[in-house]
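The values are calculated or read from the model by the stated rules, or taken from the named source; none is laboratory data. Note that this is a predicted model, so its numbers are computed, not measured. Positions of Cβ are backbone-derived with ideal geometry, glycine not excepted, and every protein chain shown enters the neighbour counts. Side chains are part of the model used for accessible areas, which takes the heavy atoms of the whole protein and leaves out ligands, DNA and RNA. Shrake-Rupley method; radii C 1.70, N 1.55, O 1.52, S 1.80 Å.
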Amino acid sequence: MTNDANQIEIVPIPAFSDNYMWAIVDTKTGRTLIFDPGEAHPVIDFLEKNKLTLAAILITHHHHDHTGGITALISRYPIPVIGPLNDGVTSLTKKVNEPDEITITNFPLTFSVLAIPGHTKGHIAYYAKGMLFCGDTLFAGGCGRLFEGTAAQLYHSLQKIAALPDDTKIYCAHEYTVKNLQFAALVEPENSEIQSRLQKVKTLRENNLPTLPSLLSEEMATNPFLRCHQTNVKSSLENHAGKQLADKIEIFAELRQWKDRF
Ligand code: ZN
Ligand code: FE
């Protein structure tokens, strides 16, 4: 099957205070995929209002704000639930891991699974040409917290994402962009692209619009967690830590700790 971008529409369904559950709608058939349904009722409302059929659920990691709606959805719709092999998600019908390829019956996209541990030990992402659904690993302007993995694991997971094509759209699961870029501006006060992006996303939020998806190229230019190789990021982190940092993983670990306290 080929990826037909003209035939699909991607919509964020808000959940809780700052989650997005991404819906991919095949506009020809109404068949719809939902990523990380933390809540069921906004998904059911969305499907019913738009007369759509749920085709499958895809899960990135086990946290409740990404999985809490599964039970109610599958009791209503008999559909596959695809998710990570090693992350302790219950009620999956299909467990996947890198380098699996996923096709869904009568759906015009094929996804590649990427293993991106760090936020949780078995966190995965779903990549189709031009789009990445990455849960709580890469955020717009930031990255997920280290709950189960090591800094080295999360660093390498983000580097794996950084190697995707520049024009990949990043569909992450939380609206954290303004706060992330305020932190990015503190790390790199001289980076004018961070300032202009921060203004842009503030305006979007003032108008109650999502700041997502972002573009990987934007992240490479403004997200400090993808910029540990830059000399200004290194010196900023060394100033903050009050010591020399030996390599990119030490820089990344220090950056993650700084952000945890921000
Ligand atoms: Zn999470
Ligand atoms: Fe989350």
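All conditions in (1) open to solvent by 30 Å² or more (accessible area, probe 1.4 Å); (2) more than 27 Å from residue 31 (Cβ to Cβ); (3) among the aliphatic types (A, V, I, L, M); (4) more than 13 Å from ligand 1 (Cβ to nearest atom) hold for residue 140, with the sole exception of (1). None of 71, 29, 93 is more than 16 Å from ligand 1 (Cβ to nearest atom), open to solvent by 50 Å² or more (accessible area, probe 1.4 Å), among the hydroxyl-bearing types (Ser, Thr, Tyr) and in contact (Cβ under 8 Å) with a residue 40 or more places away in the chain except 29.
Taking the criterion of being touching a residue at least 40 places away in the same chain (Cβ under 8 Å), away from ligand 2 (no atom under 16 Å from the Cβ) and surrounded by fewer than 21 Cβ atoms within 10 Å (Cβ to Cβ), the residues of the range 143-158 that qualify are 151, 152. Take residue 77 and decide whether it is open to solvent by less than 60 Å² (accessible area, probe 1.4 Å), under 30 Å from residue 199 (Cβ atoms) and away from ligand 2 (no atom under 16 Å from the Cβ). The answer is no for residue 77.
If you go through the range 108-123 and pick out every residue that is open to solvent by 20 Å² or more (accessible area, probe 1.4 Å) and either over 24 Å from residue 6 (Cβ atoms) or in contact with a His (Cβ under 6 Å, 6 or more places away or on another chain) (or both), you end up with 4. Of everything listed in (1) under 22 Å from residue 123 (Cα atoms); (2) buried (at least 22 other Cβ atoms within 10 Å of the Cβ), the single unmet condition for residue 56 is (2). In the range 222-256, the qualifying residues are those that are among the small types (Gly, Ala, Ser) and touching a residue at least 40 places away in the same chain (Cβ under 8 Å), and the one that is farthest from residue 159 (Cα to Cα) is 236.
Each residue in the range 149-191 was checked for being in contact with an Asp or Glu (Cβ under 6 Å, 6 or more places away or on another chain) and closer than 16 Å to residue 249 by Cα, and 0 pass. Being within 16 Å of ligand 2 (Cβ to nearest atom) and open to solvent by 60 Å² or more (accessible area, probe 1.4 Å) holds for only one residue in 171, 126, 176, and it is 176.
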